[in-house]
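The values are calculated or read from the model by the stated rules, or taken from the named source; none is laboratory data. In this text the structure is predicted, and so the values were computed from the model without any measurement. Positions of Cβ are generated from backbone atoms using ideal geometry, with glycine treated the same way; all protein chains shown enter the neighbour counts. All accessible areas refer to the heavy atoms of the entire protein, side chains included, with ligands and DNA or RNA removed. Shrake-Rupley method; radii C 1.70, N 1.55, O 1.52, S 1.80 Å.
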Amino acid sequence: MPDSATEQMYRAIGENIYRFRVLEHLSQARLAEKSNISTSYVSQIECFRLHKGITCTTAMKIAAALNVPLCVLMTETPCQKYLECLERTALSKT
């Protein structure tokens, strides 16, 4: 069973993936297709129902599919790079 710090990190990753997926107007199925992972795995990550955690490879695939640096998905608190990615994504949709 993961400790609370690990659970908090999984929660942050899931929330970040969800946030950027929605900003890119992608369904879970489309993100899964672009990342070459299953839709149910995307759902588990976003809802932090992981029993073994997310692998680095999976995180990298998702980051690439969302066009954001991996560090942006892995942060618990917004950093400058995170905010720049949010701004870039929002501006590209207008």
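For the reader, a short list of remarks on this structure follows.
- Flag for Lys61 being closer than 17 Å to Arg19 by Cβ, assigned to a helix (DSSP H, G or I) and either touching a strand residue (DSSP E or B) at 6+ places or on another chain (Cβ under 9 Å) or open to solvent by 70 Å² or more (accessible area, probe 1.4 Å) (or both): no
- Of the residues making up region 1-20, those that are within 18 Å of Lys81 (Cβ to Cβ) and either exposed (fewer than 14 other Cβ atoms within 10 Å of the Cβ) or basic (Lys, Arg) (or both) number 1.
- Val42 surrounded by 16 or more Cβ atoms within 10 Å (Cβ to Cβ), at pLDDT below 90 and among the aliphatic types (A, V, I, L, M): no
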